[in-house]
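Working notes, beginning with the structure itself.
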Amino acid sequence: MTVRDYVAGIESELVSLRRELHQIPEVGLQLPNTQARLLTALEGLDLEISCGEQLTSITAVLRGKAPLRGKAQDDGERPVVLLRGDMDGLPVDEQTGLDFASSNHAMHACGHDLHMSILVGAVRALCAAADELVADVVFMFQPGEEGCDGASYMVAEGVLDAAGRRADAAYAIHVFSALEPHGQFAVRHGAMMSACDTLDVTVTGRGGHGSAPHSAADPVPAVCDMVLATQVFLSRHIDIFDPAVITVGKIVGGSIRNVIPETAHFEATVRSFSTRTQQRLFDLVPPMLENVAASHGVTAEVMMANQYPLTSNDPDQTDFVSEVIRDLFGDERHTTWEHPLAGSEDFSRVLTEVPGTFIALSAVPEGSDHETASYNHSAYATFDDQVIADGATLLAELAMRFSR
């Protein structure tokens, strides 16, 4: 029986699991109910299972039993493949109207319920085919992808070496509720998703009466100029062919209309697509903002910090993924993205350490317009669970076919 046939035989179970998980989303690093349900789904399988210490992660290791071949035979070590599925939801009140919608003020609005079901499907298929499996496989069930950097905790706790030595390759699938037609897989060499950094600025002036700004040092207009200056900066200091995005999402200042406040504050997200541009932003943005503040007679405390690295796909691994996609599903199901996404991913923590590929899979409901469908993180985002079987098949086949 092929992997694809095996997954087809358990498809209804995987869909049921996804819909159950969809109803119980949890947010952040601590997902006890989700973890418990996944542990139940893995019961009875020939796996080495461990749970996280700082977060409710699950690491499962499957040992391949097929005779070694190639380089693995020469050095007596099995190749190691890591497959990841993230587990957490978002603090969003679901508005999809699905009969299995969440009602606990959280939502799997980014499709992580599908990711878990896809990975469980891959686990079960590979366990069934262990006698033909050369590689050892690490299954990484990860909480806290949505802004909590859960991958960094799992890396620190040893997930990359869970099989006894460092993984040789790593793969993850992420579903999207828009962007591409139903069922389409997409990859690209190099940057797949942007690096993400944070910018926090506190401006300090001298408070006073709103009727007499000349006797104060008002931080509010300084903040306004600084926000606009970030956009001018991008157009004049950043290569248009190696771009960056700075979006100010929060501004706080003052308490009442007729009082000039002592301080004002703003926060921004900073996205870049190369380490060169990322470093340029760190070098130039803080002094630029400090100078704008000085021109207003106020001071600025500027803090920039790394959040997530660039999600960068290894070219050789990505060629391998493309070959397997085409072989399994045909050329028409494979797309190479011309440009990376400006969103960010903590799977970048894994890809910084291990060559691999982050794979996009369109779960746009069949018959829907992928260009107008509600996008990931929307309260109206819907994901077609028909793609679960194909996602599980792809991950399992990548592990089955991998060799060093």
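Of all residues in region 224-258, how many are assigned to a strand (DSSP E or B) and hydroxyl-bearing (Ser, Thr, Tyr)?
Total meeting the criteria: 1.
Determine which single condition residue 182 fails, assuming it passes every other condition in (1) crowded, with 24+ Cβ neighbours inside 10 Å; (2) within 23 Å of residue 319 (Cα to Cα).
(1)
If you take the residues in region 24-76 that are part of a strand (DSSP E or B) and among the β-branched types (Val, Ile, Thr), which one is surrounded by the fewest Cβ atoms within 10 Å (Cβ to Cβ)? Don't jump to the end; show me each part of the working.
Here is the first cut: in region 24-76, the ones part of a strand (DSSP E or B) are 48-51, 58-62.
From what is left, the residues that are among the β-branched types (Val, Ile, Thr) are 49, 58-59, 61.
Numbers: 49: 14, 58: 26, 59: 22, 61: 18.
Per the criteria, the residue is 49.
If residue 266 meets every condition in (1) farther than 22 Å from residue 309 by Cβ; (2) in a strand (DSSP E or B); (3) out of contact with any Lys or Arg (no Cβ under 8 Å at 6 or more places or on another chain) apart from one, which number is that one?
Of the numbered conditions (1) farther than 22 Å from residue 309 by Cβ; (2) in a strand (DSSP E or B); (3) out of contact with any Lys or Arg (no Cβ under 8 Å at 6 or more places or on another chain), the odd one out for residue 266 is (3).
To keep it simple, each residue is scored yes or no on (1) open to solvent by less than 30 Å² (accessible area, probe 1.4 Å); (2) of a type in the set (Asp, Glu); (3) free of Cβ contacts under 8 Å to residues at least 12 places away in the same chain; (4) touching a Pro at 6+ places or on another chain (Cβ under 8 Å).
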site	(1), (2), (3), (4)
215	no, no, yes, no
225	no, yes, no, no
234	yes, no, no, yes
240	no, no, yes, no
257	no, no, no, no
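Just give me the residues in region 295-315 being more than 17 Å from the chain's Cα centre (by Cα) and either closer than 29 Å to residue 182 by Cβ or open to solvent by less than 80 Å² (accessible area, probe 1.4 Å) (or both), in sequence order.
Passing the criteria: 296, 297, 298, 300, 302, 304, 305, 315.
Looking at (1) of a type in the set (D, E, K, R); (2) over 25 Å from residue 139 (Cβ atoms); (3) modelled with pLDDT of 95 or more; (4) out of contact with any Phe, Trp or Tyr (no Cβ under 9 Å at 6 or more places or on another chain), which is the only condition residue 74 fails?
Only one criterion is unmet by residue 74, namely (3).
Just name the residue that is surrounded by the fewest Cβ atoms within 10 Å (Cβ to Cβ) out of those in region 352-390 that are among the hydrophobic types (A, V, I, L, M, F, W, C) and not in a loop (DSSP other than H, G, I, E, B).
In the first step, residues of region 352-390 are kept if they are among the hydrophobic types (A, V, I, L, M, F, W, C); the result is 354, 358-361, 363-364, 373, 379, 381, 383, 387-389.
Checking which are not in a loop (DSSP other than H, G, I, E, B) leaves us with 358-361, 387-389.
Working: 358: 25, 359: 23, 360: 20, 361: 25, 387: 23, 388: 27, 389: 22.
Among them, the one singled out is 360.
Would it be correct to say that residue 393 is buried (at least 23 other Cβ atoms within 10 Å of the Cβ), closer than 20 Å to residue 273 by Cα and in contact (Cβ under 8 Å) with a residue 12 or more places away in the chain?
Answer is no for this residue.
Can you find, within region 77-125, the residue that is farthest from residue 379 (Cα to Cα) among those that are of a type in the set (Asp, Glu) and in a loop (DSSP other than H, G, I, E, B)?
77
Residue check: is residue 354 farther than 17 Å from residue 173 by Cα, β-branched (Val, Ile, Thr) and touching a strand residue (DSSP E or B) at 6+ places or on another chain (Cβ under 9 Å)?
In short, no.
Among the candidates 326, 349, which residue alone is of a type in the set (Lys, Arg), open to solvent by 30 Å² or more (accessible area, probe 1.4 Å) and without any contact (Cβ under 8 Å) to a residue 40 or more places away in the chain?
326
The values are calculated or read from the model by the stated rules, or taken from the named source; none is laboratory data. Worth saying up front: this structure is predicted, and the values here are computed from it rather than measured. Because the Cβ atoms are built from the backbone with ideal geometry, glycine has one as well, and the counts that use them run over all protein chains shown. When the accessible area is computed, the model is the full protein with side chains, heavy atoms only, and any ligands, DNA or RNA have been set aside. Shrake-Rupley method; radii C 1.70, N 1.55, O 1.52, S 1.80 Å.
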